[in-house]
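Worksheet for the structure shown next.
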Ligand code: BT5
């Protein structure tokens, strides 16, 4: 009962969220990315946000745990003016979160980590209109005030609360992330990813660590050595450099999480 009252009291107030366009708020929904993909008549730069997701999703159909009242489960709705590379937007959404959560690092391409555990994940999806990308949905999940995780996640997931011992305002954290994201997005539209490469590299936990590149179903051991101007990961396999694109392969750090 106390938990339900806490959840009601601490609900996100859509009026307090600062976005350039509209906020679509759901007390409960399957997935904010799904809502954003199916919605019509939505202005560019709107936000879909839910208190709880019953079917939150990660990449490759994986599940994203999204309980009520403790996290940010949000999707930014973009109508790109020109062709936007969604793998680069994934990196940049992670960068926006990393700028806001003190001491966090990015695990290429889409995880934000605190103490080597995942505090945030990003899922970018493009909606096609024939051959053209008509919308890009940038889904961001952040564990903010989560007190504990199920056994299955407890060794690889964390929250801002677990790491700092402090409960924080989800509205404030989200507003900070949105500000960073739209600042980054405006620059990205003008100049692409290249201008963020140095900052991304500084914050990237994957660099100079051993990783496993999963290529055509085979696990290949490699060392992550660089990020290109386009945001791809450069790995060294048997002294040969290779570019790894997030869309083509998945990379597992040897860090006890995936
Ligand atoms: C992601 O996928 O990390 C993308 C997560 C995106 C979630 C947002 S929430 C708003 C929007 N609506 C949605 O439905 N999704 C987006 P991936 O890299 O595939 O990681 C998924 C893996 O992370 C799972 O297989 C678990 O191992 C782990 N995981 C699941 N829930 C987690 C959580 N709450 N915190 C940390 N790790 C989690």
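The values are calculated or read from the model by the stated rules, or taken from the named source; none is laboratory data. Everything numeric here is computed off the predicted structure, so don't read it as measured data. Every residue, glycine as well, gets a Cβ built from its backbone with ideal geometry; the counts of neighbours run over all protein chains shown.
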Among strands (runs of 3 or more DSSP E) lying entirely in the range 196-257, which contain 1 or more residues that are surrounded by 15 or more Cβ atoms within 10 Å (Cβ to Cβ) and at pLDDT below 80?
210-215, 250-253
So in the range 184-193, with the set limited to residues that are touching a residue at least 24 places away in the same chain (Cβ under 8 Å) and surrounded by fewer than 18 Cβ atoms within 10 Å (Cβ to Cβ), which one is nearest to residue 68 (Cα to Cα)?
189
For residues in the range 119-159 being without any contact (Cβ under 8 Å) to a residue 40 or more places away in the chain, over 13 Å from residue 64 (Cβ atoms) and not in a loop (DSSP other than H, G, I, E, B), which is farthest from the ligand (Cβ to nearest atom)?
132
For the range 95-106, check the following and say yes or no: at least one residue is touching a strand residue (DSSP E or B) at 6+ places or on another chain (Cβ under 8 Å) and within 10 Å of the ligand (Cβ to nearest atom).
no
In the set 82, 15, the lone residue that is away from the ligand (no atom under 13 Å from the Cβ) and over 23 Å from residue 110 (Cβ atoms) is 15
Checking residue 6 against (1) modelled with pLDDT of 95 or more; (2) in a helix (DSSP H, G or I); (3) more than 10 Å from the ligand (Cβ to nearest atom), only one condition comes out false. Which one?
(1)
